[in-house]
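S.K.: Supplied in structure tokens, the structure appears directly below.
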Amino acid sequence: MKTKNQLALAPWVFTIGFFALWEILCHVLRISSFILPAPSTILLAVWEYRTQLAYHAMHTLWMTLAGFGLAVGFGLLLGMVLGSSRLINAGSYPLLVGFNSIPKVAVVPILVFWFGVGWVPPVMTAFLISFFPIVVNVATGISTVEPEMEDVLRALGASKRDIVFKVGVPRAMPYFFGSLKVAITLAYVGSVIGEQNASNVGIGNLLTRASAAFEVPLVWAALVVLAVLGVVMYAITASVERSMTGWAQRSQMAA
Amino acid sequence: MKPFVDIHDVTHVYARAEDGLPAVRNLNLKVGEGEFAAIVGPSGCGKSTLMKLATGLQFPREGTVIVDGRQVGAPVKLAGMAFQNPTMLPWRTTLDNILLPLEIVEPHRSRLRRHKAEYVAKAESLLAQVGLKGQGHKFPWQLSGGMQQRASLCRALIHEPKLLMLDEPFGALDSFTREELWCVMRDLHAAQKVTIILVTHDLREAAFLADRIFCMSARPGRIVAEREVAFPRPRDLEITYTPEFSELVHDLRGHIAQARRAA
């Protein structure tokens with residue numbers, strides 16, 4: 001029981017320790033708040049700009065969730081297709097990898113040409129940046145079904161579809177949820193990039209304006225809000241993962 | 001007895017084989033209905049290929065495979081399979097794992113939802129037969145290796161297959177568990193009247209369980225010897241300590257050793 005409590009406390013202790021260290025260093029080394037504001041200064045800024053931050057954060061949250069939702073749907077579908085067909089898999093990997101290598105910030109202008117400034121570019125950027133890990137992981141989970149299992153079912157007359165849905169997809173779920181934890185944080189990166197370049201609201205837009213006006217504490221406050229949102233969404237994803245794929249997390253390493 | 005499985009002069013080359021060498025060549029084998037056949041041979045002799053041919057997972061390059069009076073041109077659908085690796089799905093309980101074939105095979109597939117209780121009762125009676133009474137609600141990873149293998153046998157039998165193919169099902173078990181499972185297998189065969197083809201490396205296992213033993217040569221595999229096993233049924237484990245049993249095993253061993261030397 002002792003270790004369990006320690007595990008539950010560890011994130012808080014580490015996080016508070018990190019910020020305490022930061023605070024102390026800022027004071028001891030007399031770092032200008034223009035270069036690196038102390039956490040207390042940032043916290044004050046968060047409080048001071050709370051209405052503005054909350055408004056923009058809600059917008060960013062929506063953009064992120066919409067993009068993430070699209071990525072989950074599309075990623076699952078494409079992953080299933082790639083995992084069940086070696087031909088399509090082999091054929092499309094260069095395209096996928098090539099596409100994923102393009103920095104998404106470079107795609108935003110194109111999105112603006114297509115859709116104009118507004119909510120579409122942030123959602124699309126979030127989607128484009130976060131679907132790739134989902135595709136790769138779902139495809140891997142499905143394509144690595146044990147050949148014996150496949151033989152058992154095929155000898156019974158199972159179709160490819162039967163095998164994918166009865167064995168492949170459930171088997172890929174741990175991979176899928178693992179990839180969601182990567183994808184949700186990437187989706188934040190995407191929506192903020194989109195907002196910075198092609199939106200009049202959102203944390204990304206707030207960041208652009210605050211940095212142009214040299215409002216350093218506000219910039220930091222916005223970053224902290226983003227980080228907190230990211231951690232919360234990650235935690236939600238992780239708890240969904242635990243409830244859905246408990247069977248896969250039985251090793252001593254995971255306990 | 002009319003043969004239930006008739007493999008006639010079959011030569012098979014895998015499409016993926018790099019050397020183009022056949023896995024089996026001029027293979028001939030007949031197993032009667034309800035018979036328990038065992039196939040022994042040096043490793044890599046094409047025993048698994050034979051399993052795939054008999055269940056319709058592979059089709060022969062040359063020759064014919066006839067199962068239940070029909071030439072095999074598609075997966076046979078009347079076969080159950082069990083392997084050395086029990087391959088239970090970890091997200092399903094043991095009972096749901098056993099019911100899996102029913103979700104695939106007709107007519108059970110369309111009946112399963114409405115007649116669930118009937119099928120569950122059947123699965124539970126199978127579990128009781130293999131000594132896993134009341135363990136169905138557990139997940140497979142909560143069972144020991146031997147228990148998983150028992151469950152895997154139940155899964156292979158749930159849809160009442162006419163043909164049961166066993167690919168070294170007890171190979172990964174300790175010798176006590178293995179002997180226990182021999183008896184389970186013997187009793188299942190006696191109760192279900194199913195035709196069984198057992199692929200194994202263990203000559204004692206083959207001699208104890210089978211009515212007929214085929215020895216295969218090294219790759220490309222063919223049958224080099226066929227032995228009828230006349231020990232009366234039901235057999236007791238004690239027969240494995242009789243001189244006749246040792247003699248049979250010794251004789252089989254000679255054939256395998258020769259096949260290995262020839263390779």
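No lab work stands behind these numbers, since they all come straight from the coordinates. Note that the structure is predicted; figures quoted are calculated from it, not measured. Cβ atoms come from the backbone with ideal geometry, glycine included; neighbour counts cover every protein chain shown.
S.K.: Spin-label point model (7 Å from Cα, Cβ direction): what's the A:S40 to A:I236 distance in nm?
M.R.: Placing both labels 7 Å beyond Cα along the Cβ direction yields 3.4 nm.
S.K.: Follow-up. For peptide B:75-82, compute the average count of partner chain beta-carbon atoms within 10 Å of each residue's beta-carbon.
M.R.: Across the residues of B:75-82, the mean count of other-chain Cβ atoms within 10 Å is 4.
S.K.: Further, regarding this structure: Given the peptides A:151-164, B:69-82, arrange them by the average over their residues of other C-beta atoms within 10 Å, most packed first.
M.R.: A:151-164, B:69-82
S.K.: When you look at the Cβ of every residue in B:161-170, what mean number of other chain Cβ atoms sits within 10 Å?
M.R.: 1
S.K.: For region B:89-161, state the semi-axes of the equivalent ellipsoid (square roots of 5 times the eigenvalues of the alpha-carbon gyration tensor), sorted largest first and rounded to whole angstrom.
M.R.: 20, 12, 11
S.K.: Positive end of the charge dipole of the protein assembly as shown (Lys, Arg +1 and Asp, Glu -1 on Cβ, about the Cα centre): tell me which of B:A38, A:W247, A:L65 has its Cα farthest that way.
M.R.: Among B:A38, A:W247, A:L65, the one farthest towards the positive end of the dipole of the protein assembly as shown is A:L65.
S.K.: Right, something else. Search the structure for amide H atoms under 5 Å from the amide H of B:F36, placed 1.01 Å from N in the peptide plane, and list their residues when 5 or more places away or on another chain.
M.R.: Sorted by chain and number, the residues that satisfy this are B:I196, B:D211, B:R212.
S.K.: Under the rule of -39500 (n - 2.57) per DSSP H run of 4 or more residues, summed and divided by the residues of the protein assembly as shown, what mean residue ellipticity at 222 nm is obtained, to the nearest 500 deg cm²/dmol?
M.R.: -18500 deg cm²/dmol
S.K.: For peptide A:237-248, how many partner chain Cβ atoms fall within 10 Å of a residue's Cβ, on average?
M.R.: 1
S.K.: To continue, here is another question. Using 0.36 nm per residue, how much length does the chain from B:A257 to B:T64 gain when fully extended, once their Cα-Cα distance is taken away?
M.R.: Roughly 66.6 nm would be gained on extension.
S.K.: Greater than 27 Å separation of Cα atoms is the criterion. Which listed pairs, B:K30/B:K133; B:K2/B:K52; B:K116/B:K162; A:K160/B:K138; B:K2/B:K47; A:K104/A:K160, meet it?
M.R.: Violating the 27 Å limit, Cα to Cα: B:K30/B:K133; A:K160/B:K138; A:K104/A:K160.
S.K.: Let me ask something additional. On C-alpha positions alone, give me the angle between the axis of helix A:2-28 and the longest principal axis of chain A, in degrees, nearest 10.
M.R.: 40 degrees
S.K.: Helix A:50-84: angle to the longest alpha-carbon principal axis of chain A, degrees 0 to 90, nearest 10?
M.R.: 20 degrees
S.K.: Between region B:46-71 and region A:32-55, what's the alpha-carbon centroid distance in Å?
M.R.: That distance is 74 Å.
S.K.: If Lys and Arg each add +1 and Asp and Glu each add -1, what is the summed charge of the other residues whose beta carbon sits under 12 Å from the beta carbon of B:R212?
M.R.: After counting each charged neighbour, the total is -2.
S.K.: Please give the net charge around A:A222, taking every other residue with its beta carbon less than 15 angstrom from that of A:A222, where Lys and Arg add +1 and Asp and Glu add -1.
M.R.: In short, -1.
S.K.: If you average the C-alpha positions of region B:135-161 and of region B:191-214 separately, how far apart do those two centres end up, in angstrom?
M.R.: That distance is 20 Å.
S.K.: For helix A:203-212, report the angle its Cα long axis makes with the longest principal axis of the Cα atoms of chain A; keep it between 0 and 90° and round to the nearest 10°.
M.R.: So the inclination is approximately 40 degrees.
S.K.: I would also like to ask the following. With no solvent and one point on each alpha carbon, what is the Debye value of log10 I(q)/I(0) for region A:55-248 at q = 0.12 Å⁻¹?
M.R.: Values, matching the q order: -0.65.
S.K.: Which helices of chain B meet both criteria: a Cα extent of 27 Å or more along the helical axis and a mean Kyte-Doolittle score no lower than -1.0, with helices taken as whole DSSP H segments?
M.R.: For chain B, where a helix must reach 27 Å along its axis and average at least -1.0, the hits are B:243-262.
S.K.: Taking the Cα of B:C183, stepping 7 Å toward and past its beta carbon, and measuring to each backbone N in region B:160-176: which are under 18 Å?
M.R.: Residues B:170, B:173-176 qualify, since their backbone N sits under 18 Å from the label point.
S.K.: Give me, ordered by chain and number, the residues 5 or more places off B:F4 or on other chains with an amide H under 5 Å from its own placed amide H.
M.R.: B:V31, B:G32, B:E33
S.K.: Would you report the distance distribution of C-alpha pairs in region B:1-101 as whole percents per 5 angstrom bin, up to the bin with the largest distance?
M.R.: So the P(r) values, bin by bin, are 2, 11, 19, 21, 17, 13, 9, 5, 1.
S.K.: Pop the C-beta distance of A:E215 and B:D174 into the FRET formula with R0 = 60 Å and round what comes out to the nearest 0.05.
M.R.: The formula returns an efficiency of 0.25 here.
S.K.: Based on Cβ point charges of +1 for Lys and Arg and -1 for Asp and Glu, what charge dipole magnitude is obtained for the protein assembly as shown about its Cα centre, in debye rounded to the nearest 20?
M.R.: 640 debye
S.K.: In the protein assembly as shown, if every C-alpha pair distance is counted and binned at 20 Å from zero, what percent goes to each bin?
M.R.: In whole percents, the pair-distance histogram is 18, 38, 24, 16, 3.
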